[in-house]
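Here, each number is a calculation from the coordinates, and none is a lab measurement. Remember, it's a predicted structure, so these values are computed and weren't measured experimentally. All Cβ positions, glycine included, derive from the backbone under ideal geometry; neighbour counts span all protein chains shown.
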Amino acid sequence: MQLNVHCTAQHTPYRLTELAVPSLDMAHAEMASIFVDPGVRYQEIEGFGGAFTEAAALTFSKLPAERQAEVLAAYFDPLRGHGYTLGRTHINSCDFSLGNYAYAEVDGDVELRRFSLDRDRQALIPLLKAAQQAAGRPLKLLASPWSPPAWMKTNGDMCHGGQLKPEYRAAWAEYYCRFVRAYEQEGVPIWALSVQNEPEAVQTWESCLYSGDEERDFVRDYLGPTLARHGLSHVRLLIWDHNRDRMVERAHAVLSDPQAAQYVWGTAFHWYVTDKFENVQLVHDAFPDKKLLFTEGTQEGGPHLGEWSMAERYARSMINDLNRWTVGWIDWNLLLDTQGGPNHVGNFCSAPILANIETGALHYQSSYYAIGHFSRFILPGAQRLLCATSHELLEAAAFLNPDGQVIVVALNRSDQTERVTLTLNGERALFECLAHSIATLQVES
């Protein structure tokens with residue numbers, strides 16, 4: 001068995017760098033181990049990606065052409081970049097917009113006569129189309145609403161929570177369908193929808209509250225049937241779209257109702273508040289016929305320029321989510337400025353690539369390289385394999401690509417370099433996993 005090893009490590013120049021595998025003594029008594037059994041297979045992987053927000057699109061639009069091409073290649077080119085195949089965008093505005101907007105802003109326009117994508121045509125749709133071209137293959141795009149138009153809500157405001165007024169449930173369900181058809185006409189197909197971004201959060205930015213029962217009823221009685229009536233049953237519908245902490249209870253509220261569950265493809269989740277990886281597994285165990293999709297994660301509280309900790313946070317989340325039946329992993333903003341914005345309520349965050357608008361310089365964060373250890377090597381259609389490690393701070397996940405190649409991604413969060421034996425199909429290979437590093441192994445049998 002031969003290994004090709006790509007490494008990203010703290011306090012080194014290694015960033016997705018291919019390293020020579022040293023000849024090491026197999027008899028070393030204190031080796032860590034990774035065991036992989038290709039005969040035990042689990043979920044099929046949809047892919048990896050990031051979010052197309054108005055903030056990302058406006059930042060992109062301000063870059064010189066050569067830097068725009070660099071960003072597109074870095075994320076979407078399957079040979080030179082991350083090869084993203086998934087994406088997420090917002091229906092109406094979100095915090096990473098320049099302000100509140102909706103596609104139908106006339107009070108009482110239940111027939112959506114004034115529905116318009118003019119705002120998205122300025123920057124967001126051009127970025128989406130450029131990404132499609134750079135990818136050279138279809139992008140699976142998830143669209144999520146942060147809030148209905150203000151006139152549909154109990155508080156008359158797209159921000160600060162509020163709820164969907166009961167009398168506008170039918171019109172709001174029609175709104176999703178109008179959005180899907182309008183984006184199709186722009187040449188941007190929608191692969192999936194989530195019911196509501198973070199339905200338990202009252203935010204200073206766009207937000208709308210649903211209880212579990214309210215989300216169930218809206219899916220069962222309005223959104224699911226309306227999508228079916230418009231011939232959009234092929235658009236996958238995801239529930240929850242909030243943190244792991246309450247995903248078991250919220251998934252149960254919807255998926256335990258067969259009439260609602262028939263319309264639901266899976267459960268979407270984020271990483272804020274707590275890790276609680278076991279809850280991802282519990283949702284799978286309770287509803288094994290439904291998918292799990294990670295749809296948002298970012299380093300909060302500013303740009304965090306140059307920080308290593310993001311790499312380990314990303315890699316640890318991706319390994320643990322994928323090892324618990326998650327089929328895809330979508331990062332938050334693809335691109336932000338060096339302040340971590342723009343953001344119309346000052347909720348600045350990091351992004352894997354930050355752009356200095358004044359100079360045109362691009363800053364590749366440690367999170368960019370962490371994602372690449374997965375997205376560049378684990379191909380759509382790959383199957384997760386049985387994989388176990390012997391050390392608490394050594395975490396790993398393994399996959400079988402459609403071409404038959406086995407991929408193992410390992411994270412070493414310890415302060416020491418670990419000598420690691422990889423056991424696969426009765427063969428063993430040895431490699432060094434550097435302190436605070438991520439390693440992707442391509443296994444050649």
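Counting pairs of alpha carbon atoms under 8 Å apart in space and at least six apart in sequence, what relative contact order in percent does the chain give? Walk me through the numbers before you get to the answer.
Working: 1050 pairs, mean separation 102.9, N = 445.
It rounds to 23 percent for the chain.
Looking at the range 145-221, which GluC sites (Glu not before Pro) are in a loop (DSSP not H, G, I, E or B) and have at most 16 other Cβ atoms within 10 Å?
On the way: sites: Glu167, Glu174, Glu184, Glu186, Glu200, Glu206, Glu214, Glu215; in loops: Glu186, Glu200.
Hits after loop and neighbour filter: Glu186.
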In the chain, if the dipole is taken from +1 on Lys/Arg beta carbons and -1 on Asp/Glu beta carbons about the Cα centre, which of Pro166, Thr274, Leu394 is farthest to the positive end? Pro166
Using the count of nearby Cβ atoms within 10 Å as a rough guide to exposure, how do His252, His270 rank from fewest to most? His252, His270
Counting C-alpha atoms alone, how compact is the range 265-368: give Rg to one decimal and Dmax as a whole number, in angstrom. 15.4, 52
Based on other C-beta atoms within 10 Å, arrange Ile239, Ile190, Ile34 from fewest to most. Ile190, Ile34, Ile239
Checked the range 368-445 with the C-alpha gyration tensor, a ≥ b ≥ c its square-rooted eigenvalues, rounded below a/c of 1.5, otherwise prolate if a/b is larger than b/c and oblate if not; verdict oblate
I need the semi-axes of the equivalent ellipsoid of the range 147-205: take the C-alpha gyration tensor, multiply each eigenvalue by 5, square-root it, list largest first in whole angstrom. 23, 14, 10
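In which sequence would Ser207, Ser414, Ser309 go, from the one with the fewest C-beta neighbours within 10 Å to the one with the most?
On the way: Ser207 24, Ser414 16, Ser309 13.
Final ranking by Cβ density, sparse to dense: Ser309, Ser414, Ser207.
Which value in deg cm²/dmol, rounded to the nearest 500, describes the helix-derived mean residue ellipticity at 222 nm for the chain, given -39,500 (n - 2.57) per DSSP H run of n ≥ 4 and division by the residue count?
Numbers: 12 runs with 114 residues, N = 445.
Using -39500 (n - 2.57) per qualifying helix, the result is -7500 deg cm²/dmol.
How about the range 81-121: which trypsin sites (Lys or Arg not before Pro) there lie in a loop by DSSP and see at most 11 other Cβ atoms within 10 Å? Could you put the intermediate results ahead of the total?
Values: sites: Arg88, Arg113, Arg114, Arg119, Arg121; in loops: Arg113, Arg114.
Taking the range 81-121 and a limit of 11 other Cβ atoms within 10 Å, the loop trypsin sites (Lys or Arg not before Pro) found are Arg113, Arg114.
Out of the GluC sites (Glu not before Pro) in the range 318-407, which ones are loop residues according to DSSP with at most 13 other C-beta atoms within 10 Å? Mind dumping the intermediate values first?
On the way: sites: Glu358, Glu392, Glu395; in loops: Glu358, Glu392.
Listed in order of number, the matching sites are Glu358, Glu392.
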Set of the range 164-198 residues, backbone N closer than 12 Å to the point 7 Å along the Cα-Cβ line of Tyr272: 197-198
Taking the convex hull of the alpha carbon atoms in the chain, what volume per residue do you get, in Å³? 132
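Under the definition of Cα pairs under 8 Å and six or more residues apart, what whole-number percent is the relative contact order of the range 2-109?
Working: 89 pairs, mean separation 21.6, N = 108.
Computed over the range 2-109, the figure is 20 percent.
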The range 37-148: Cα Rg divided by the 2.2 N^0.38 Å rule of thumb: 1.28
Which lysines have a Cα less than 20 Å from the Cα of Lys140, not counting those fewer than 8 places away in the same chain? Lys129, Lys290, Lys291
Prolate/oblate/rounded call for the range 139-267, Cα gyration tensor, a/c under 1.5 rounded: rounded
